[in-house]
Amino acid sequence: MVKLELSDLSGGSVYIGDKLNVHTKFVFEEEANIFWSGIRLITNPPCLKELQVSKEEIFSKGHFEAGEYIREKSLLIKSNVVPTIKNRNLNYSLKLILRQPNPINPEDDLIINKTHDIEIKARDSGLQAKTPKPISFSISGLNILLTKDVFKPGETIKIGYTSEELKQIEIRLLQNSNLVCYCEAYGQNCRKVEELPPAIAGDVRTQNFEKDFLLLKVPEVAEPSHNYLWSPSEKEQFGFRYGAYTKWSLLIIGKKKSEYGLEPIKLEIPITITKGPISEKKVELDLFSEGTAGASSIFDGISKFQKTYKVISIDSDIDKYILRIKNISKKDLEGVSVKVSGLQEGLFETAPSIRGFNTWKKDEEKEIFYETKQNITALISILEDNSQQSIRIQSPVSEASFF
């Protein structure tokens, strides 16, 4: 039996462009084989049960002793990921997955998972500054003037107007929002995404043409304009697009004085609502800020931990390599995993295999078997433990290697 624990180290939320740091715990109550384990960032579009946005492997195929294995990993939230939009049910969750052989039905893997909700936030400070432009036009005797076309939530829009032919003018602030879910397999937008009419977020009208302007306030809670669109990198999901948009506009409606039966003048002017800066300068996002710090890379701490492990020897027996490694640190190591793969032609790695040890006592030697039918020139071993130490060692297979 296996017990899983999953928690994030970011307080339940993460900004686009940052790394989401995750804490996982595996408790094997007895020795166990596994096929794969990892973390997936999941969302649920209307037309699909589940959509994988990104993933990070924790353990590859291998064998584990009974015991507790703690791993901290990180997922980069790429810049094209759509942020959480709760009012349109665009939500995310983390899923920790463990696949094991099924002793009853080998054709059907056992899958154990643990789920944790996560909120993805857009970073206001990373928004590109909007440059406002004035709007001026004349149509059918109506003259309209706006000094700019970019506004903030809570700001009042001043619309200048003049006309000698109209008896009434009405201005509506419209918000057009919806999901985008395109499935190339069907050749159309998702049928479960209903087309929605624009919502009226504000309205003002007058018959007083001696006054030359109207005021229309943007709601304090107005959702900023956006057009998010994500597409997967996996080939099997090619052609799928998922996102959301919010567009704002001013609908101008003018009614004639005396011409009976004529349709009123209607004109829609797009505007932008933003929480970001309104200027000509672009606000740059620091890609190397502390917020992007995540789990250690495979090269972190090599000098610090180089006296922890030692490759004693590598022997071969037909399609099998025997790797002997010694714990030369000054302490016992807990929850150790050793991931081994082969190196072909100095460029390509063969399929990995992993071996898990509950406790690796100091000065103790471990023997690991790695099977492959491919010609390799070196073995690559990546060692991790519950203290999040991580070190990668590349050892030639032609002769014994000593570190």
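Take the alpha-carbon centre of the stretch 10-70, take the same for the stretch 145-183, and report the distance between them in whole Å.
If we compute the Cα centre of each part, the gap is 46 Å.
Take every Cα pair under 8 Å in the stretch 302-396 that's 6+ residues apart, average their separations, divide by the length, and report that relative contact order as a whole percent.
Normalised by residue count, the contact order of the stretch 302-396 is 31 percent.
Charges on Cβ only, +1 for Lys and Arg, -1 for Asp and Glu, centred on the Cα centroid of the chain; of 214, 103, 7, which one is farthest towards the dipole's positive end?
Farthest towards the positive end: 214.
Translational D (Stokes-Einstein, µm²/s) of the stretch 29-158 at 20 °C and 1.002 mPa s when Rh comes from the Kirkwood sum over C-alpha pairs?
Details: Rh = 19.6 Å.
Approximately 109 µm²/s, per Stokes-Einstein.
In this model, which of 73/121; 19/310; 133/247 are farther than 24 Å apart at the alpha-carbon? The partial results should precede the final answer.
Values: 73/121 20 Å; 19/310 32 Å; 133/247 17 Å.
Exceeds cut-off: 19/310.
Do any GluC sites (Glu not before Pro) in the stretch 63-146 lie in a DSSP loop with no more than 11 other beta carbon atoms within 10 Å, and if so, which?
Passing both the DSSP loop test and the Cβ count: 107.
Of 309, 341, 116, which is farthest along the charge dipole of the chain in the positive direction, counting Lys and Arg as +1 and Asp and Glu as -1 at C-beta?
The Cα lying farthest towards the positive end belongs to 116.
Do the sum for the chain: with -39,500 (n - 2.57) for every DSSP H run of n ≥ 4, divided by all residues, what is the mean residue ellipticity at 222 nm, to the nearest 500 deg cm²/dmol?
Value at 222 nm, helices only: 0 deg cm²/dmol.
Considering only 16, 51, 32, whose Cα is most displaced toward the positive end of the charge dipole of the stretch 2-122, charges sitting on Cβ of Lys, Arg (+1) and Asp, Glu (-1)?
16
By counting other Cβ atoms within 10 Å of each Cβ, how are 28, 64, 209 ranked from fewest to most?
209, 28, 64
So which trypsin sites (Lys or Arg not before Pro) in the stretch 1-71 are both in a DSSP loop and have at most 11 other Cβ atoms within 10 Å of their Cβ?
49
So which aspartates and glutamates can residue 256 reach, going by Cα to Cα under 15 Å and dropping same-chain residues fewer than 8 places off?
Within the straight-line cut-off, residue 256 pairs with 164, 165, 170.
Cysteines of the chain lacking any other cysteine beta carbon under 4.7 Å?
183
Over 22 Å between Cα atoms: which of 114/192; 61/320; 158/266; 86/148; 217/275; 148/266 fall into that group? Walk me through the intermediate numbers first.
On the way: 114/192 28 Å; 61/320 16 Å; 158/266 19 Å; 86/148 30 Å; 217/275 15 Å; 148/266 20 Å.
Beyond 22 Å between Cα atoms: 114/192; 86/148.
Could you give the dipole magnitude of the chain about its Cα centre, charging the beta-carbon of Lys and Arg +1 and that of Asp and Glu -1, in debye to the nearest 20?
Computed about the Cα centre, the dipole is about 1220 debye.
Could you give the Stokes-Einstein D for the chain in µm² per second, using the C-alpha Kirkwood radius, 25 °C, 0.890 mPa s?
Roughly 94 µm²/s, to the nearest whole number.
Could the peptides 108-117, 154-163 be put in order, highest first, of the mean number of other beta-carbon atoms found within 10 Å of their residues?
154-163, 108-117
Every number in this text was worked out from the coordinates using simple rules, so none of it is lab data. In this text, all values refer to a predicted model and were calculated from it rather than measured experimentally. Quick reminder, even Gly has a Cβ in these numbers, built from the backbone with ideal geometry, and neighbours come from all protein chains shown.
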